[in-house]
Amino acid sequence: MKNECMPMSACKIFFRALICAACLLTAAAGHAERLKDLASIQGVRQNQLLGYGLVVGLDGSGDQTTQTPFTVQSVISMLQQLGVNLPQATSLQLKNVAAVMVTTSLPPFAQPGQTLDVTVSSMGNAKSLRGGTLLMTPLKGADGQIYGMAQGNVLVGGAGAAANGSRAQVNHLSVGRISAGATVERAVATSLGQGNLVYMELNESDFSTASRVVDAVNKRFGNDTAAAQDGRVIRVRAPAGSDERVAFLGALESISVTPAQMSAKVILNARTGSIVMNQAVTLDSCAVAHGNLSVIINTGNSVSQPNALAGGQTVVVQNSQIEIKKEPGQVMLLNSAASLADVVKALNAIGATPQDLLAILQAMKASGSLRAELEII
């Protein structure tokens with residue numbers, strides 16, 4: 001009987017080819033992104049809200065009134081509004097009250113009655129907000145109008161204790177959060193475009209990506225539906241009715257678009273020595289010499305004790321030793337690297353610390369060997 005099965009080697013080659021094809025298809029499909037992730041609709045945005053309030057009910061961990069007079073002034077003003085009049089010369093010693101700033105963001109299309117989470121941050125010298133209650137605090141926008149009211153029990157994700165000069169603390173105790181602690185009192189008018197036009201703004205300006213977005217939208221909804229104004233803003237014709245417009249925008253955001261290749265960029269954090277680079281970074285052949293220079297100063301204290309009959313005084317003498325070390329720098333040849341993995345291997349071959357790499361990468365960029373944009377944060 002004829003054997004119709006493939007040889008083992010042929011099976012292996014077939015499955016390898018199948019796996020490679022699947023990987024290529026997955027990579028190609030995964031590279032496409034939703035238009036919702038690449039752009040936002042102009043006018044649909046959040047609005048920051050800010051308020052000043054008081055947190056009461058603290059267990060002796062509030063503001064020290066001698067150093068934060070605004071806390072006492074706020075308490076006196078609040079009591080006057082509640083009908084309690086205090087003499088002007090009254091000296092209040094408040095340990096259970098803390099002045100705080102309340103912040104949150106008003107989402108788009110928020111309506112009166114909707115609840116928001118708020119963050120409560122101490123602005124005085126309160127030791128902890130744990131167990132406190134935020135009194136009714138108006139939240140204002142950039143125009144000075146009140147858009148929400150906040151109140152509730154502050155939840156602090158931490159704990160601390162102190163006694164006899166010793167102190168133990170877990171996490172940060174000066175900032176807390178109130179879930180659903182604010183209520184929207186006023187809605188912000190949001191207009192979705194002018195007339196039958198809706199404007200979409202790319203997250204990053206790129207003429208190639210803008211052109212691809214226009215082609216994808218016109219292919220989905222017909223010609224002349226979308227047109228690019230520049231490398232960021234895209235003008236889209238949308239239905240006039242609110243119901244039809246919402247459905248149209250939902251379909252628009254779900255369109256898959258393959259963005260243009262990102263620009264090569266290296267992010268340098270000079271404070272922490274962190275270096276992050278994207279996959280488009282390449283490296284040309286170059287030679288790098290790196291050497292370390294270190295200065296070590298050791299100071300030791302010794303006691304000079306005179307003889308018993310010398311009549312001198314005992315003194316402390318400081319002896320300092322200065323040592324300078326200079327490690328020789330070897331010239332290393334770095335071959336050209338066309339992928340991020342090769343760039344990482346080349347940089348690791350130098351053997352420099354992250355702080356040293358900051359200067360080396362800047363020198364490589366100046367010499368034209370590093371094909372990337374340097375951004376120092």
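The values are calculated or read from the model by the stated rules, or taken from the named source; none is laboratory data. Computed from a predicted structure; not experimentally measured. Here Cβ is always computed from backbone atoms with ideal geometry, including for glycine, and neighbour counts include all displayed protein chains.
Okay, residues lined up against (1) at pLDDT below 75; (2) in contact with a Leu (Cβ under 6 Å, 6 or more places away or on another chain); (3) in a helix (DSSP H, G or I):
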| site | (1), (2), (3) |
| --- | --- |
| 15 | yes, no, yes |
| 44 | no, no, no |
| 66 | no, no, no |
| 89 | yes, no, no |
| 104 | no, yes, no |
| 109 | no, no, no |
| 113 | no, no, no |
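Considering only residues in the range 339-376 that are part of a loop (DSSP other than H, G, I, E, B) and modelled with pLDDT under 85, the one that is surrounded by the most Cβ atoms within 10 Å (Cβ to Cβ) turns out to be 352. Being surrounded by fewer than 15 Cβ atoms within 10 Å (Cβ to Cβ), modelled with pLDDT of 75 or more, among the charged types (D, E, K, R) and in a helix (DSSP H, G or I) is a property that residue 59 lacks.
Scanning the range 224-247 for residues that are without any contact (Cβ under 8 Å) to a residue 60 or more places away in the chain, under 18 Å from residue 211 (Cβ atoms) and in contact with a strand residue (DSSP E or B) (Cβ under 9 Å, 6 or more places away or on another chain) turns up 224, 225, 226, 227, 228, 229, 231, 232, 235, 236, 237. Checking each residue in the range 238-271 for being touching a helix residue (DSSP H, G or I) at 6+ places or on another chain (Cβ under 7 Å), surrounded by 16 or more Cβ atoms within 10 Å (Cβ to Cβ) and either among the aromatic types (Phe, Trp, Tyr) or over 13 Å from residue 198 (Cα atoms) (or both) picks out 255, 257, 259, 266, 268. One residue stands out in the range 193-229 among those that are among the acidic types (Asp, Glu) and not in a strand (DSSP E or B): the one that is surrounded by the most Cβ atoms within 10 Å (Cβ to Cβ), namely 206.
Scanning the range 86-94 for residues that are buried (at least 16 other Cβ atoms within 10 Å of the Cβ), free of Cβ contacts under 8 Å to residues at least 40 places away in the same chain, in the same structural domain as residue 64 (by TED's automatic domain parsing) and not acidic (Asp, Glu) turns up at least one hit. For the residues 100, 75, the requirement of being farther than 20 Å from residue 175 by Cβ and either touching a strand residue (DSSP E or B) at 6+ places or on another chain (Cβ under 8 Å) or in contact (Cβ under 8 Å) with a residue 24 or more places away in the chain (or both) singles out 75.
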